[in-house]
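What follows is a set of notes on a single structure, which appears directly below.
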Amino acid sequence: MTGSRRWVSLLAVLTVVACASMETTAELESTGVESELRALFGESGSEVRYFDSATDLNGDGQPEVVVHVAGPMVCGTGGCPTLVFTPGAKGYVLVADISITRPPVQVSSRSANGWRNLLVHVSGGGIAEGYVAELQFDGTTYPANPTVPPARRAPDTIGAETLIPDFERFTDGKLVPAQ
């Protein structure tokens, strides 16, 4: 392949990736997830950011949206909230609000009640040594606090898929628009 053909091919791939990224952002806005985030965190009085990923957690062929929220007024020494949204009749609806989590947020190869288990790192806030907690769906939601039962230490992370990777700065996330 000649040099100019390689550049054309590379440009075509980058265009497809950029368009897919724009579609994902547009899809998130159209699902109602962003408006939910604005309603929950838009009046915090400080900058709130989020990281998101879509994956089918319940095997119905439609992706759920997992969102990790970060910012000085929404996080504590134990971590930040992670939210799970599922498709509903009028857009996405909140099915889980999990407090004090840290990335990476992963989805396990294991499942409970038809939904894949979530894996979150917990540390700080009085926890002497950090660990990975496994959260099982109870038929309605995931545990709200990953540091107490029914959440438990993950036996392993074999086969886990990372949804929200660790990040250096919360400002790397997408801005939750103010109300």
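The values are calculated or read from the model by the stated rules, or taken from the named source; none is laboratory data. This is a predicted model, so every value here is computed, not measured. Note: ideal-geometry Cβ built from the backbone for every residue, glycine included; neighbour counts use all protein chains shown.
Some values worked out for this structure:
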item: Any chance Ala89 is of a type outside the set (D, E, K, R), at negative phi and more than 17 Å from the chain's Cα centre (by Cα); result: yes
item: Members of the stretch 25-65 that are modelled with pLDDT of 95 or more, of a type in the set (A, V, I, L, M) and more than 16 Å from Gly173 (Cβ to Cβ); result: Leu57
item: Selection count, the stretch 147-179, where residues are in contact (Cβ under 8 Å) with a residue 60 or more places away in the chain, in a loop (DSSP other than H, G, I, E, B) and either of a type in the set (Asp, Glu) or under 21 Å from Glu36 (Cβ atoms) (or both); result: 6
item: Count - residues of the stretch 117-140 that are more than 14 Å from the chain's Cα centre (by Cα) and touching a residue at least 12 places away in the same chain (Cβ under 8 Å); result: 16
item: Single match in Pro63, Pro165, Pro104 (criterion: more than 27 Å from Ser44 (Cα to Cα) and either surrounded by fewer than 16 Cβ atoms within 10 Å (Cβ to Cβ) or under 14 Å from the mean Cα position of the chain (by Cα) (or both)); result: Pro63
item: Residue list for the stretch 88-101, restricted to those being surrounded by fewer than 22 Cβ atoms within 10 Å (Cβ to Cβ), of a type outside the set (Gly, Ala, Ser) and assigned to a strand (DSSP E or B); result: Val93, Leu94, Val95, Asp97
item: Whichever residue in the stretch 29-51 is in a strand (DSSP E or B) and touching a helix residue (DSSP H, G or I) at 6+ places or on another chain (Cβ under 7 Å) and, among such residues, is surrounded by the most Cβ atoms within 10 Å (Cβ to Cβ); result: Tyr50
item: So Ala128, is it closer than 24 Å to Val93 by Cα and small (Gly, Ala, Ser); result: no
item: Ala144 part of a strand (DSSP E or B) and in contact (Cβ under 8 Å) with a residue 40 or more places away in the chain; result: no
item: In the stretch 52-73, residue farthest from Arg116 (Cα to Cα) [restricted to those that are in contact with a Leu (Cβ under 9 Å, 6 or more places away or on another chain), of a type outside the set (D, E, K, R) and assigned to a strand (DSSP E or B)]; result: Val69
item: Condition broken by Phe137, with the remaining ones in (1) farther than 19 Å from Gly32 by Cα; (2) part of a strand (DSSP E or B); (3) among the aromatic types (Phe, Trp, Tyr) satisfied; result: (2)
item: Boolean, Gly130 is touching a Ser or Thr at 6+ places or on another chain (Cβ under 7 Å), among the small types (Gly, Ala, Ser) and assigned to a strand (DSSP E or B); result: yes
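For (1) charged (D, E, K, R); (2) under 19 Å from Asp52 (Cα atoms); (3) at pLDDT 95 or above; (4) out of contact with any Pro (no Cβ under 8 Å at 6 or more places or on another chain), each residue gets a yes or a no:
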| position | (1), (2), (3), (4) |
| --- | --- |
| Pro72 | no, yes, no, yes |
| Gly79 | no, yes, no, yes |
| Arg110 | yes, no, yes, yes |
| Ser123 | no, no, no, yes |
| Ile127 | no, no, no, yes |
| Glu161 | yes, yes, yes, yes |
